[in-house]
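A short write-up of the structure that comes next.
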Amino acid sequence: MNPTVVTEWATVALATVAIISIIANISLVVAAKRQAIETSRLAEETAKIIEQNSELVRAAVRQAEAGEAEARAVERQAELSAQEVSAVSEQTMASVALVEETRTDRGLAYRPYLAVSLDPVSEGGHRVTVDRYFVRNLGRGPALNWRMAHHDFSGTPREHHFWATQLFDLGPGAALKIEPSTGTWYYNVLNGLQYDTVTVDACCCEDQFGNKFRFARGHEMGRNPQDEWHAGEPEPGWTGWYMALP
């Protein structure tokens, strides 16, 4: 073969390879450019999604802050309500205490208080056997329908002595001298008291509202009992001191 022809064919072959290579490179560049465009589009979409998510997060944060503020408002309202309830409770207690104090003052304003004293009669500085009893109303209200009973064991040998008075009325600050009598009625006045071996003086009366009272004095009782009864309560035995004397 002619060397010139061979050279020409070689040149053509190289040119063809170069053209093919250039075409391949152009295809790669175009593909790379398309890939870059697609990547840029994806990046933009991703950025938009991220922005949307960020807005959702900010909205959630705002909602959480609003909920926390509302919770604080509710808690504050609860605290105020508790303070109001406490204030109302204190006011109610104060009102109840005032009513009770007023009731007590009113009761004391009309309540009798009987005290029994024993004054021995003496002659020439010597005590004699006869005693005089005084019943005094130390209260601020009248003692209505009062009756006194006396019970003791005295003398040698020891004898059982007892007597009771008729019914009397005794105004505030008034006193009445009682002479020992021979009446045998005394059981109701002394009902419920420990009087089997002690000396007991007891008075029962009522106030102008129908409340009933008993005042007792015993030499060995340890204290001076005071009983009272109000309408609507169960009646103890001593409230029946109106029983007529035989």
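Every number here is computed from the coordinates shown, using simple stated rules; none is lab data. Since we're looking at a predicted model, the values are computed, not measured. Note that each Cβ is placed from the backbone with ideal geometry, even for glycine, and that neighbours are counted across all protein chains shown.
Quick notes
- Once the Cβ-Cβ distance of Phe209 and Gln77 is raised to the sixth power relative to R0 = 51 Å, the FRET efficiency obtained is 0.55.
- Loop trypsin sites (Lys or Arg not before Pro), the stretch 133-170 (other Cβ atoms within 10 Å of the site Cβ: 10 or fewer; DSSP): Arg158
- Listed from fewest to most Cβ neighbours within 10 Å, the set Trp163, Trp146 follows the order Trp163, Trp146.
- Here the residues Asp152, Asp169, ranked from fewest to most Cβ neighbours within 10 Å of their Cβ, fall in the order Asp169, Asp152.
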